[in-house]
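A short worksheet on the structure shown next.
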Number of protein chains: 2
Amino acid sequence: MRSTAKPAGTYHHGDLRAALIEAGLALLEERGLADLSLRAIAARVGVSHAAPRRHFASLQALLTAVAAEGFRRHAAALRAGLGQGASRAERLEAATLGYAAFARENPALYALMFSPILVDYGDGELGEAAAASYGVLAEIAQGLDWPAPEEPDRDRRAEAMLWSLVHGHALLAQAGLLGEEGADVRASVADIMPRFGYREG
Amino acid sequence: MRSTAKPAGTYHHGDLRAALIEAGLALLEERGLADLSLRAIAARVGVSHAAPRRHFASLQALLTAVAAEGFRRHAAALRAGLGQGASRAERLEAATLGYAAFARENPALYALMFSPILVDYGDGELGEAAAASYGVLAEIAQGLDWPAPEEPDRDRRAEAMLWSLVHGHALLAQAGLLGEEGADVRASVADIMPRFGYREG
């Protein structure tokens, strides 16, 4: 038992919810999804094990909020890249590297965000956060000069290609299957994106 | 209880092992990994629930053998592609499409083959099967004229890029995240691979 345990009432309204999500994020990376429980998260925050029920009906509900926070941070990492670099090409590459870095630094969170237990994002908080994140990705992909302008579904296909590349790379690298050379996403992005070229704009 | 139940002794040596792997493959796609058990697999084969223990100490051991069979079929799908098409470019593209088709047609098996529960393949049957499958993939990747010949780790980086692309595409398409246009891997492969160009040979 933690000596810091205190009643949930010590938290202002909303603060406990945020503290539970923050603890969920930390424990997810430390212990992995399989060892996560509402009880462990409550202990981390220092509240009674009944307290999380004020905000989350189940561990699944808390995980959904954790994944939504993950998508918001993911979108922020992509947007930060779009704000860097002197040329448009540099900004698009920096944003793509922001995607890869987020996945590398938050492996368990990234896996949760694409987990089959959540993949039907719905139209609640999670669906909104995921859509915002995908929107930035689509913006990056639409900077590529590929496929040819006259091709049908040009933007959607560019997005599918770029997303497949970074998603697949993140998962294979995490699994240790790419070796040191292959896992160097910086070299690959700097090499691959110019091969497609960039649209005007 | 199935009326076809019979003692394991009815099988010739080795046949029961093969029948259990075959049943494991079928049940994996029908029910998913979470609902698989040695008992269910024994029932499918029509033997007592103790019979699988003659060949597999645990469900994990049987799943390892199922994944190894998966990698053998995966390698065969890639090789079949390499045997098609008039030009080398066509053969490399057909092999890449063979990879994508295998993942699409065997989603649960493909996920098992890259599951964290198995990903340290070791040097047994699974490690050997996985290495053979990756070997064909490397052969395809080395047909791409990318990165530049003078680049270090050229072959390894080409493999990481191509593998990331098809692996990521397979998983995002399975999760229903690419939409109909983005999920058309045939169009993407036929468009992307020539963008890199092919080496002589």
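Here are a few things to note about the model shown:
- Intensity falloff of the protein assembly as shown expressed as log10 I(q)/I(0), Debye formula with alpha-carbon point scatterers, at q = 0.09 Å⁻¹: -0.64
- Placed amide H near A:L144: partners under 5 Å, 5+ positions off or other chain: A:R199
- Segment B:77-201 shape via C-alpha gyration tensor axes, a/c threshold 1.5: oblate
- Label geometry 7 Å along the beta-carbon vector: B:S37 inter-copy distances in nm: 2.3
- In sequence order, calculated HN-Hα J values of segment A:88-104 (Karplus, 6.51, -1.76, 1.60; Hz; x Gly/Pro): 4, 4, 5, 5, 5, 5, 5, 5, 5, 5, x, 4, 4, 5, 4, 5, 5
- C-alpha long axis of helix B:185-196 to longest principal axis of chain B, angle in °: 40 degrees
- Nearest-first distances (nm) between copies at A:R199, label 7 Å from Cα via Cβ: 3.4
- Distance from the axis that maps chain A onto chain B is least for the Cβ of the chain A residue given, with the whole Å value, as A:G168, 1.
- With a 1.4 angstrom probe, the accessible area lost at the A-B interface totals about 3000 Å².
- Think of a 1.4 Å ball rolled over the protein heavy atoms: segment A:89-183 then has 38 Å² of accessible area per residue.
- On the basis of the beta-carbon distance and an R0 of 51 Å, B:A26 and A:A86 show a calculated FRET efficiency of 0.35.
- Just checking the listed ones, B:G127, B:G85, B:G70: in the Gaussian network model of chain B with Cα springs under 10 Å, the one fluctuating most is B:G85.
- Accessible surface of segment A:55-191 [probe 1.4 Å, protein heavy atoms]: carbon and sulfur percent: 52 percent
- Chain A: angle of helix A:154-174 to the longest principal axis, Cα-based, in degrees nearest 10: 60 degrees
- Placing R0 at 35 angstrom, the Cβ-Cβ distance between B:E180 and A:D15 gives a FRET efficiency of 0.20 after rounding to 0.05.
- Between A:G122, A:G24, A:G81, the residue with the greatest mean-square fluctuation in the GNM of chain A (Cα pairs under 10 Å linked by springs) is A:G122.
- Buried on assembly, segment B:106-151 (at least 30 Å² less accessible surface than by itself, 1.4 Å probe): B:V119, B:W146
- Sites A:A190 and B:A61, calculated FRET efficiency, Cβ-Cβ separation with R0 51 Å, nearest 0.05: 0.70
- Within chain B, longest stretch clear of exposed GluC sites (Glu not before Pro) (DSSP loop, no more than 11 other Cβ within 10 Å): B:1-149
- Springs between Cα atoms under 10 Å define the GNM used for chain A, and in it the highest mean-square fluctuation of A:H74, A:H167, A:H49 occurs at A:H49.
- Solvent exposure of segment A:48-88, expressed per residue, is 48 Å² of accessible area, with all protein chains present and a 1.4 angstrom probe.
The values are calculated or read from the model by the stated rules, or taken from the named source; none is laboratory data. Note that this is a predicted model, so its numbers are computed, not measured. Quick reminder, even Gly has a Cβ in these numbers, built from the backbone with ideal geometry, and neighbours come from all protein chains shown. Please note that ligands, DNA and RNA were not included when accessible areas were found on the heavy atoms of the full protein model with its side chains. Shrake-Rupley method; radii C 1.70, N 1.55, O 1.52, S 1.80 Å.
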